[in-house]
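The values are calculated or read from the model by the stated rules, or taken from the named source; none is laboratory data. The structure presented is a predicted model; accordingly, all values stated were derived computationally and were not measured. All Cβ positions, even for glycine, are placed from backbone atoms using ideal geometry, and neighbour counts span all protein chains on display. These accessible areas exclude ligands, DNA and RNA; they are computed on the full protein's heavy atoms, side chains included. Shrake-Rupley method; radii C 1.70, N 1.55, O 1.52, S 1.80 Å.
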Amino acid sequence: MFKITIPYFSFRYDIGFLLTKQAILHMDIWRWSFYTHIASSIFVLLFGVFQFIKPLLESFPKLHKLLGKAYVFIILFLSAPSGLVMAFYANGGIYAKTSFIIISLLWWLFTFVAFLKIRNRKIKGHIDFMIRSYALTLSAITLRTYVLILPAFIHLHAKEMYTLVAWLSWVPNLIIAEVIIYYKVFK
């Protein structure tokens, strides 16, 4: 993800994903949201993975707490809100936009509930909602994986493919999260 993100910080508009956004690049709100989203999301991907490594969690509880606070802050105040703004301008039409709006809202909500649970010392609930939150965080990786793999197996027009990928990027992740929670993998 870091390698994919770095070229965008040349602030050129003729690269990668930005080539599909030429009609809205002039909008300050979209540009600020885009750069905020890609910069902040790198950190939540990284911080989140360390939250589930049990030996680190047990040996370094202060680090767990610090990274957890950073993860929550970044999602609640940067990543999810900027993702929501971008969702209203998503490629793929109304169905893709709807998918990205839902994921942004759920990502914010699950992270906020996880925060409330730990504040109230409800460890099980905290873990469950952090699993859901991180499953949605991982949708960034899932989306890019599907963009690379699906065209080899499914032949759709660009708009239909992007709509399919928009939903596949997070719905299966959330189903897997629910299976993990049900079978108490991280308990």
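Computing Cα extents along the principal axes in Å directly from the structure and comparing it against [x] 47, 34, 26; [y] 53, 37, 29; [z] 86, 33, 21 singles out [x]. Computed from backbone phi, the HN-Hα couplings of the range 7-20 come to x, 5, 7, 7, 6, 8, 9, 10, 10, x, 4, 5, 4, 8 Hz, rounded to whole numbers (Karplus: 6.51 cos²θ - 1.76 cosθ + 1.60, θ = phi - 60°; Gly and Pro given as x). Greater than 28 Å separation of Cα atoms is the criterion. Which listed pairs, Lys3/Lys62; Lys3/Lys122; Lys3/Lys97, meet it? In this structure, Lys3/Lys62; Lys3/Lys122 exceed 28 Å between Cα atoms.
Of all the options Ile123, Ile38, Ile101, the one that moves most in a Gaussian network model of the chain with Cα springs shorter than 10 angstrom is Ile123. Ligands, DNA and RNA are left out, and with a 1.4 angstrom probe the accessible area of the chain is 59 Å² per residue.
The distance from the alpha carbon centre of the range 119-187 to that of the range 78-109 is 14 Å, rounded to a whole number.
Each residue of the range 51-66 was assigned a 3J(HN,Hα) from its phi angle through the Karplus curve 6.51 cos²θ - 1.76 cosθ + 1.60 (θ = phi - 60°); the sequence is 6, 10, 8, 4, x, 5, 4, 6, 7, 10, x, 5, 5, 4, 5, 5 Hz, with glycine and proline shown as x. Per-residue Karplus couplings for the range 147-155, computed as 6.51 cos²θ - 1.76 cosθ + 1.60 with θ equal to phi - 60°, are listed in order as 4, 7, 8, 4, x, 6, 10, 10, 10 Hz, Gly and Pro entered as x. Charges were assigned to the Cβ only: +1 to each Lys and Arg, -1 to each Asp and Glu. The resulting dipole of the chain about its Cα centre is roughly 700 debye.
Helical content alone sets the calculated 222 nm signal of the chain at -22000 deg cm²/dmol, taking -39,500 (n - 2.57) per DSSP H segment of four or more residues and averaging over every residue.
Here is the list for the range 1-78: chymotrypsin sites (Phe, Trp or Tyr not before Pro) lying in DSSP coil, each with at most 12 other C-beta atoms within 10 angstrom of its C-beta, are Phe11. Nonpolar atom fraction for the chain, defined as the carbon and sulfur part of the 1.4 Å probe accessible area, stands at 74 percent. To the nearest ten degrees, helix 171-182 and the longest principal axis of the Cα atoms of the chain are 10 degrees apart.
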